[in-house]
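The values are calculated or read from the model by the stated rules, or taken from the named source; none is laboratory data. Values in this document were obtained by computation on a predicted structure and should not be read as measured data. Glycine also receives a Cβ, built like all others from the backbone with ideal geometry; neighbour counts cover every protein chain displayed. Heads up: the accessible areas ignore ligands, DNA and RNA and are worked out on the full protein's heavy atoms, side chains in. Shrake-Rupley method; radii C 1.70, N 1.55, O 1.52, S 1.80 Å.
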Amino acid sequence: ASAAPAPVATVVALEVLFGISVSDTCTPDANLVVTSADTSAGTCPIVVTRTYTITDACGNFTTATQTINVQDTTAPVVTGTITPATAEGCSATAAPAAVTTVTALEGMGLTIADACTPDATLVVTSTDTSVGTCPIVVTRTYTITDACGNFTTATQTINIQDTTAPVVTGTIPVANVQGCSASAAPSPV
């Protein structure tokens, strides 16, 4: 609510800024006293209700109300990059689990800040897409969302590579064939 503009303190300012007309039968405009009080409610937007009280020289007063909507429209700011990761595996499911907190993302190389929402309250979600075979390239997109629904994304590349050779157990038995040259060996399977 402190982001609301400062209140005005004179009748002239009320008349010029808000297009209203103020007059008193006995007290000139310059001698009318203008005070204000604010109350606020809500979050997105924060609704500030500013009540101006205009008081004449005899203590008579009237009020005028102004509504100020304070809206956070700025997405979280993300700087830095997430270092690509490599995992051993045969499918996209071999990718490491996605992180779910700002602290964990910052541990991966990002700096994250939001003007209105504390880091602990920012919501971190992710989605994965994958392409290729050797390696399988998983692109993980993290979305960082503030309390008012503003969001920023950051991506991470995860290369999933099968580096394990096939495992062979047992031995192939010796084959004996009739012939005069190596061409007599049976065709390979």
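In table form, for the structure just shown:
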item	result
Among (1) in contact (Cβ under 8 Å) with a residue 40 or more places away in the chain; (2) in contact with a Gly (Cβ under 8 Å, 6 or more places away or on another chain); (3) of a type in the set (A, V, I, L, M) - the single one Ala185 does not satisfy	(1)
Any hit, the range 14-26, residues being part of a strand (DSSP E or B) and open to solvent by 80 Å² or more (accessible area, probe 1.4 Å)	no
Complete set of residues in the range 36-45 that are exposed (fewer than 13 other Cβ atoms within 10 Å of the Cβ) and part of a strand (DSSP E or B)	Ala37, Thr39, Ala41
Any pair with Cβ under 9 angstrom, 6 or more apart, that starts in the range 101-119 at a residue that is in contact (Cβ under 8 Å) with a residue 12 or more places away in the chain and more than 18 Å from Thr155 (Cα to Cα) and ends at one that is among the acidic types (Asp, Glu) and open to solvent by 60 Å² or more (accessible area, probe 1.4 Å)	Asp119/Glu106
Pick from the range 46-79, criterion open to solvent by 40 Å² or more (accessible area, probe 1.4 Å) and in contact (Cβ under 8 Å) with a residue 60 or more places away in the chain, ranking: nearest to Asp114 (Cα to Cα)	Val77
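Matching residues to (1) open to solvent by less than 70 Å² (accessible area, probe 1.4 Å); (2) assigned to a strand (DSSP E or B); (3) in contact with a Lys or Arg (Cβ under 6 Å, 6 or more places away or on another chain); (4) hydrophobic (A, V, I, L, M, F, W, C):
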| position | (1), (2), (3), (4) |
| --- | --- |
| Cys148 | yes, no, no, yes |
| Thr152 | yes, yes, no, no |
| Ile160 | yes, yes, no, yes |
| Thr163 | no, no, no, no |
| Val168 | no, no, no, yes |
| Thr171 | no, no, no, no |
| Val174 | no, no, no, yes |
| Gln178 | no, no, no, no |
| Pro188 | no, no, no, no |
